[in-house]
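Below is one structure, written out as structure tokens; the observations come after it.
The values are calculated or read from the model by the stated rules, or taken from the named source; none is laboratory data. Computed from a prediction, not measured in an experiment: that's the story for all the values here. Cβ: placed from backbone, ideal geometry, glycine included. Neighbour counts: every protein chain shown. Please note that ligands, DNA and RNA were not included when accessible areas were found on the heavy atoms of the full protein model with its side chains. Shrake-Rupley method; radii C 1.70, N 1.55, O 1.52, S 1.80 Å.
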Amino acid sequence: MLDEERERPDPDVLLRRIQAEDERQTRARLKVWLGFAPGVGKTFAMLANARELQAAGGDVVVGWADTHGRYDTAALLLGLEFLPRRSIPYRDRTLEEFDLDAALARRPGVLILDELAHSNAPGSRHAKRWQDVRELLGAGIEVHTTLNVQHIESLNDVVAQITGVVVRETVPDAIVDRADEVVLVDLAPEELLLRLREGKVYLGEQKERAARGFFRRGNLLALRELALRRAAERVDVDVQAWRREHEVATTWAIGEKILVCVGPAPASARLLRAGRRMAAGLRAPWVVAWVERPGTTSLSSEDRERLEAHLRLAETLGASVVRLVGERPSEAILRWAREHNATRIVLGKPTHSRWRDLLRGSLLDEIVRGSGEIDVHAIAGDEAPEAPPRRPASGASLAWREIAAAAVLVGLATGASALAERLLALPDVAMMYLLAVMLVAIRCGRAASIVAAALSVAAYDFFFVEPVYTFAVSDSRHLLTFGMLFAVGVVMSTLTLRIRRQERGAVEREQRTATLLALSRELGRALDEREAARAIARTLAEVFRCGAAVLRPGPGNALAVAAGAGELPLDAPELAVARWSFAHGEPAGAGTDTLPGSRIRCLPLRSGPRVLGVAALAAGPEKNWSHEDRDLLDAFTRQGALALERALLVEERERAALRARTEELRSTLLSTVSHDLRTPLAAITGAASALREQAAEMDAFERGELLDTVVEEAARLERLLANLLEMTRLESAGIEPKREWVPLEEIIGAVLVRLEAQLEGRSVRTELPEDLPLVAADPLLLEHLVLNLIENAVKYTPPGSPIEIRAEAREGRLHLEVADRGPGLPAGDEERVFEKFYRGRHPHQPGAGLGLAIARAIAQLHGGSLVGENRPGGGALLRLQLPLDANPPQ
């Protein structure tokens with residue numbers, strides 16, 4: 001039955017396998033032909049494969065293919081279906097590009113799209129062809145494409161260093177990693193150079209330039225190695241995924257990978273250097289691991305510092321550091337080695353006595369016996385003998401208190417058993433002592449539990465086993481009871497201590513996870529970079545119990561504190577440490593290899609290649625940074641950097657939207673104002689010209705009409721310019737109304753006098769109560785507001801229709817209504833009439849569409865509001881509300 005359980009497949013693994021298979025079947029495939037230089041035959045290989053797919057009955061369509069004038073490549077296109085190319089006018093010529101919409105409409109089974117790194121012509125939907133490919137894959141279309149290794153984004157700087165040529169057209173690594181299949185198209189550099197000389201790569205002068213520059217043999221050799229390594233990395237990823245999916249437990253020695261096991265022993269430093277030399281000789285990745293046993297005694301401060309020093313040395317030497325947890329270190333090491341396909345395990349030779357191996361087991365022997373196909377290297381460390389782990393000095397007094405408590409509990413069990421001796425049988429007394437040992441094991445440490453077990457055996461023998469009050473035993477069967485009682489006490493103490501250690505470790509991990517979760521939630525709620533910086537600084541200060549701050553670059557790239565929590569020394573030396581960390585993108589200060597004597601520790605907040613700021617903590621050289629602390633700090637800074645980047649992107653997006661709105665406003669202003677300015681200027685110019693040239697021939701009436709035209713159009717021009725200036729002034733920062741006590745009746749009367757000429761032929765009805773209170777407002781601004789409201793009603797009210805003006809005071813506010821019987825407000829766009837330059841359904845009406853926008857801005861400046869609605873029976877109603885002071889003057 002147990003064998004059947006072992007052979008039964010893991011349900012989680014089966015579920016992952018089914019999900020992976022479903023994803024492979026449902027998502028569109030991307031196949032990339034990868035080469036190290038132009039001319040190696042990527043397009044030829046891709047088109048040859050396309051012809052094979054077509055011959056097998058596949059639906060293959062060519063979206064774009066560059067033959068570069070090569071006859072043999074062009075011959076492969078014969079018989080394949082082509083998509084028509086899209087013509088894009090650009091400056092004085094027409095460019096041809098891949099037609100994305102035609103491909104989406106055609107939806108072929110396989111689309112051939114050459115040159116993944118190509119930049120599309122201006123005016124295309126996407127700037128880059130790889131963006132076209134991403135949209136095609138999202139639409140479920142399989143894409144076959146080509147790519148040279150120098151166009152991969154992460155290799156761009158390496159290629160520039162090798163060739164001296166900075167490649168501008170790059171493809172993100174995520175697109176290459178998304179590929180379901182990468183086919184390496186390889187060619188010997190000598191053969192490629194021969195093809196170049198024969199004109200099969202470039203023609204004419206371009207061939208000569210390529211031979212002198214990019215196509216040098218050294219460049220091609222280096223690029224070829226980059227392409228081979230990139231393809232090998234992809235193959236390794238596919239192999240690891242397949243092994244995980246099919247639960248392959250054995251190691252496949254297809255590539256070397258070294259695992260170096262270290263601990264607090266001094267010999268570990270030599271192991272690290274030996275592992276580094278081995279990895280360099282084999283050109284293999286190497287990993288440094290140490291195993292934490294939850295059920296063992298914690299390390300002393302000296303051993304902990306030595307272990308942290310070893311882990312820092314490993315990182316300095318270029319290793320990846322992993323922390324393993326397991327009851328048996330050998331099982332944890334072998335399990336990790338098999339899961340990650342490690343081919344070699346490096347261990348130190350034991351320096352302790354063989355008695356220790358006999359009693360506690362040998363780590364080296366267990367790993368050698370369980371390694372199977374993995375090679376195990378035992379390397380001699382330093383000559384100094386290995387020191388046994390020691391308990392911290394502070395635990396000595398605690399151990400004695402626990403032993404005293406164990407003695408008291410055993411005494412209580414003895415007293416209770418003696419008092420109830422007539423009621424208890426001898427086995428019941430043994431259970432009482434076993435209960436005492438259990439309590440000691442739960443509450444105290446291992447030493448106290450062993451002492452309690454020994455005292456229980458002695459008390460049980462002395463007080464209750466015949467002959468009593470002696471340690472003699474008349475019945476040898478009691479010896480088994482003594483042994484079992486002592487063994488149960490020892491086993492229970494070991495198991496209980498192990499559970500307590502595991503519980504403590506689980507609590508610590510849960511606290512760290514909860515802290516990370518809380519930080520991620522707080523950062524997710526951050527609306528700008530200052531809130532994100534405050535969240536980072538506050539979390540760092542709370543977790544590490546020290547002052548913390550986030551420094552961001554300001555004008556001139558000088559660092560300034562964006563947010564802080566607690567006390568943090570930031571004098572000139574500390575700011576120099578922060579500037580170094582920001583400039584180099586590396587940790588600096590206390591606990592690092594750079595400026596370790598500083599009073600602060602600085603870590604760069606970087607997202608990709610961009611350093612967004614520095615996180616600083618008040619931690620002097622005396623603070624001991626454990627590996628867990630550094631991992632947690634690194635996680636905090638990574639999350640913080642992502643949150644800062646997101647906040648900056650949001651701000652940049654808002655600035656871009658503001659620039660777009662400003663540009664739209666500027667265009668609207670130019671188009672609107674230019675027309676409204678030209679109309680009165682043309683009338684003024686025409687009337688003035690007529691007066692100058694024909695004044696002698698005109699009578700007084702005609703000259704009067706022309707002069708009236710000049711005056712009216714000049715007044716109209718003045719109102720337009722006044723509105724523009726008023727809108728600009730209201731939108732500027734810092735404007736404050738000059739409030740005075742103003743009677744509304746006088747404001748309305750003054751406005752009606754100013755509009756007397758425009759009101760000719762229209763009736764105005766006013767309903768103003770005699771006890772209307774004074775309003776605290778800027779007289780000039782309030783008059784401008786009322787003028788715009790009444791002028792708007794005049795503009796849209798037909799002759800003969802009344803304009804109604806009503807005012808009243810209620811509920812601490814002054815209400816003013818201006819109503820007309822014109823066409824009313826646009827249905828559904830009642831709010832838009834208050835936008836700048838909006839002229840509704842009557843754009844032929846004179847004006848720039850600023851009157852109501854200015855009126856609402858003035859109302860809001862005074863703490864009031866302005867709304868509009870349509871009246872029953874037709875017409876518009878504009879309602880103004882202004883706050884009234886509780887005690888106006890009489």
> Using modelled backbone amide H atoms (1.01 Å from N, in-plane), which distant-in-sequence or interchain residues come within less than 5 Å of residue 814's amide H?
Replying inline: 882, 884
> When the Karplus curve 6.51 cos²θ - 1.76 cosθ + 1.60 is applied with θ = phi - 60°, which whole-Hz ³J(HN,Hα) does each residue of the range 187-199 get, with x for Gly and Pro?
Replying inline: 7, 5, x, 4, 5, 5, 5, 5, 4, 5, 5, 7, x
> Classify the range 22-106: rounded, prolate or oblate, from the alpha-carbon gyration tensor (a ≥ b ≥ c, eigenvalue square roots; a/c under 1.5 rounded; otherwise prolate if a/b is larger than b/c)?
Replying inline: oblate
> So which lysines can residue 200 reach, going by Cα to Cα under 26 Å and dropping same-chain residues fewer than 8 places off?
Replying inline: 31, 42
> What distance in nm separates the simple spin-label points at residue 474 and residue 738, each placed 7 Å from Cα in the Cβ direction?
Replying inline: 12.0
> Any idea which of 532, 557, 483 is furthest toward the positive side of the dipole for the range 447-558, if Lys and Arg beta-carbons carry +1 and Asp and Glu beta-carbons -1?
Replying inline: 557
>> Can you give me the long-range amide H partners of residue 766? Hydrogens built in the peptide plane at 1.01 Å from N, cutoff under 5 Å, separation of 5 or more residues or another chain.
In response: 805
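Compute the accessible area per residue over the range 473-516, keeping the other protein chains in place, probe 1.4 Å, unit Å². Mind dumping the intermediate values first?
Values: 2880 Å² over 44 residues.
Result: 65 Å² per residue.
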> Given a 1.4 Å probe, how much area per residue of the range 731-821 is accessible, in Å²?
Replying inline: 52
> According to the square roots a ≥ b ≥ c of the eigenvalues of the Cα gyration tensor, what is the shape class of the range 305-353, taking rounded for a/c under 1.5, prolate for a/b larger than b/c otherwise, and oblate for the remainder?
Replying inline: oblate
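What order do you get for 465-478, 171-184, 402-415 when each peptide is scored by the mean count of other beta carbon atoms within 10 Å, highest first?
On the way: 465-478: 11.1, 171-184: 16.4, 402-415: 18.4.
Put in order of decreasing packing, that is 402-415, 171-184, 465-478.
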> Given H placed 1.01 Å from N in the peptide plane, which residues other than close sequence neighbours of residue 605 have an amide H under 5 Å from its amide H?
Replying inline: 612, 613, 614, 615
> Just how far, in whole angstrom, is the range 32-70 from the range 99-131 if you go by their alpha carbon centroids?
Replying inline: 16
>> For the range 115-171, what does the accessible surface come to per residue with a 1.4 Å probe? Please give it in Å².
In response: 41
>> Could you work out what % of the accessible surface of the range 744-796 is carbon and sulfur, using a 1.4 angstrom probe and leaving DNA, RNA and ligands out of the count?
In response: 49
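Sorting check: for 263-273, 489-499, which peptide has the highest mean count of neighbouring beta carbons within 10 Å, and how do the rest follow? Before the final figure, lay out each step's value.
Values: 263-273: 19.6, 489-499: 17.8.
Final packing ranking: 263-273, 489-499.
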> Once phi is turned into ³J(HN,Hα) by the Karplus curve 6.51 cos²θ - 1.76 cosθ + 1.60 with θ = phi - 60°, what whole-Hz value does each residue of the range 344-350 show in order, with x for glycine and proline?
Replying inline: 9, 10, 10, 10, x, 5, x
>> Rounded to the nearest percent, how much of the accessible area of the range 434-574 (1.4 Å probe, protein heavy atoms only) is carbon and sulfur?
In response: 61
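Ignoring ligands, DNA and RNA, please state the percent of accessible area on the range 67-141 from carbon and sulfur, probe 1.4 Å.
Working: 2020 of 3970 Å².
Whole-percent figure for carbon plus sulfur exposure: 51.
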>> Could you give each residue of the range 557-568 its phi-based ³J(HN,Hα) in whole Hz, using Karplus coefficients 6.51, -1.76, 1.60 with θ = phi - 60°, and x for Gly or Pro?
In response: 6, 7, 7, 9, 6, 8, 6, x, 8, x, 8, 9
